[in-house]
Amino acid sequence: MKNRLLWKLFSIIAVGTVIFFWLIDLVASHTEESMSYIDLGYRAELRAYAKDAEHILYEEGEEALSLWVKEIEEKEDTWIAISRPVINNLADTQLSDAYLSTFTLGRDLEWKIHLYFSENPTMDIPFDDGVTRFLIQLPQRMRPGKNLFIIDLLLQIALPFLILCLITFILYRYVMKPLKRLEKATRRFSEGDFNVRASESLTQRKDELTRLSSTFDNMADRISTLIIDQRQLLADLSHELRTPLTRLNIAVDCVEQDLDSQNALERLRYESSNMQGLIDDALTLAWFNTESPKLILEKVDITSLLQIIVDDAQYEFSQHTVVLKQPDQALFINSAHQALTAAVENIIRNGLFHTPKGKTLTVELKQESHHLLIEIKDQGCGVPEEYLEEIFKPFFRIKQGDQKNQTDERSVSSQKSGYGLGLALAKRQILALGGSIHAKNIEKETETGLMVFIELPYDVS
Ligand SMILES: Nc1ncnc2c1ncn2[C@@H]1O[C@H](COP(=O)(O)OP(=O)(O)OP(=O)(O)O)[C@@H](O)[C@H]1O
Ligand SMILES: [Mg+2]
């Protein structure tokens, strides 16, 4: 889902806020409700006062009652009255019996007390006769809700504060936990741990933060491959340079000591041009690896390009036959002339190098529906199956003894062997052109050799 994190945060905040207000209201009204009744002990005390008053009135008379009332009023700092209300109905009207049965002058002890009134309410306790009423303004000490201010403070400030702290903490953890993991992964990566990845622990979430961590992982993949490739390239390059450098030093020594100087000078020229080629190829490879370059595209007539390459190869390897099979009419594709030529030339040279003299190398151009296919088929020894992918790696060469179906009359020209950069370069060049390359052995009883397939799009863009 797009913007998943947004929806998650929205639901946490929206649902959280609604629950938060509902909870505060519930707790506040419940607490207030439970605080609005006179304590049971006080109710019993008030009833006892009424009973005492009733007893004194009937046993000792009104004078004694008056003295007792004054004493209680003083003790409780309130007023008391014992009253017998007389109701005068005027204009021939009547109060209903139901009303009369519940009629009181003050508030019943069981009723709820309004906590926000400043005046204490008057409590009404009837005598046994049901007519005489003991009225007392509720003494201050018996007033319920004395802690109302503190409770209000807790409910309106402390509780919301705590709940909001909790929601903020949950949100913070929810967002920060993956960010912290990402930060940790970034730190470890910057310290050189190229294997560290961030998204493994976040696969459950599937939100924007997961996307962020998989972007980090992609970046980490790319950078670590780059760094590892560069290190490898540097290590291989310095290793490869060691032998020609040693030979160069020997040649310099010979020149210095005037020993076979002519030969030594030729060796110097040969080794330095070899090294030049090696360094040029290695730098081009490094450039392809690091820059992922966008090649300058142009209209390339692939048929005449192949014709020129094949003619050149035939000239160079005159004891082989190089055959080109392709459509008669010109075929233009949107590609990069130089990169394409270099890649195809490299493969043709490899093929001819491994094909015995007098045999044939065939280059065939096929037009497929979505791409062009160039097949380069030699009659050499082929490549052991396990190396068919390895040969496209930089500095990979098959040791003499490992070469498939190897025969002594193997190749042409010289003992000269390359540095193992040709196919690696060709692969990167073809990839940069939006194509692909792979190799396969020819598995026929009468025929051996290697077939290299290059697939090219008609238009790179
Ligand atoms: N047509 C082929 N037949 C048999 N083996 C091959 C063929 N092409 C390549 N190989 C093997 O693959 C290895 C890598 O080839 P690649 O072109 O990358 O390097 P190279 O030819 O040895 O040197 P470079 O091309 O840098 O001068 C070769 O050393 C060779 O062992
Ligand atoms: Mg080569």
Legend entry - Length released on extending from residue 166 to residue 257, taking residue separation times 0.36 nm less the Cα-Cα span: 24.1 nm
Inset, instruction - Taking the Cβ of each residue in 320, 30 as the centre, tally the other Cβ atoms inside 10 Å and list the residues starting with the fewest. - result: 30, 320
Legend entry - DSSP-defined antiparallel bridges as percent of all bridges, the stretch 298-457, nearest 5: 80 percent
Inset, instruction - Would you kindly state how much longer the chain becomes between residue 18 and residue 243 on full extension, computed as 0.36 nm times their sequence separation minus their alpha carbon distance, in nm to one decimal? - result: 73.2 nm
Legend entry - Zero-based 5 Å bins, Cα pair distances in the stretch 230-291, whole percents: 4, 18, 22, 19, 13, 10, 7, 4, 2, 0
Inset, instruction - Could you pull the Cα extents of the stretch 1-125 along its three principal axes, largest to smallest, in whole Å? - result: 88, 45, 21
Legend entry - Zone residues, the stretch 351-365, relative to residue 329, backbone N less than 18 Å from point 7 Å out along Cα-to-Cβ: 365
Legend entry - Size of the stretch 298-457 as Cα extents on the principal axes (Å, biggest first): 43, 29, 29
Legend entry - Filter on 112/146; 299/325; 2/177; 8/180; 393/444 - keep pairs with C-alpha separation over 23 Å: 393/444
Inset, instruction - Order by neighbour count: 316, 368, 445, fewest other Cβ atoms within 10 Å first, most last. - result: 445, 368, 316
Legend entry - Proximal charge balance of residue 25 [Cβ under 14 Å; K/R count +1, D/E count -1]: -3
Inset, instruction - Give me the distance in nm between label points sitting 7 Å out from Cα along the Cα-to-Cβ direction at residue 368 and residue 179, one decimal. - result: 4.8 nm
Inset, instruction - Looking at the chain, send over the antiparallel percent of its DSSP beta bridges, to the nearest 5. - result: 80 percent
Legend entry - Calculated over the chain: convex hull of Cα atoms, volume per residue (Å³): 347 Å³
Inset, instruction - Evaluate the distance, in nm, between pseudo-label points positioned 7 Å from the Cα of residue 60 and of residue 250 along their respective Cα→Cβ axes. - result: 13.8 nm
Inset, instruction - Going by C-beta contacts inside 10 Å, put 451, 123 in order with the fewest on the left. - result: 451, 123
Inset, instruction - Please give the FRET efficiency for residue 150 paired with residue 105, using the beta carbon to beta carbon distance and R0 = 25 Å, rounded to the nearest 0.05. - result: 0.15
Legend entry - Pairwise FRET efficiency - residue 34 versus residue 97, Cβ, R0 = 30 Å, nearest 0.05: 0.30
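Bear in mind these aren't lab numbers, they're just calculated from the coordinates by the rules spelled out. As the structure is a prediction and not an experimental result, all values here were calculated from the model. Note that each Cβ is placed from the backbone with ideal geometry, even for glycine, and that neighbours are counted across all protein chains shown.
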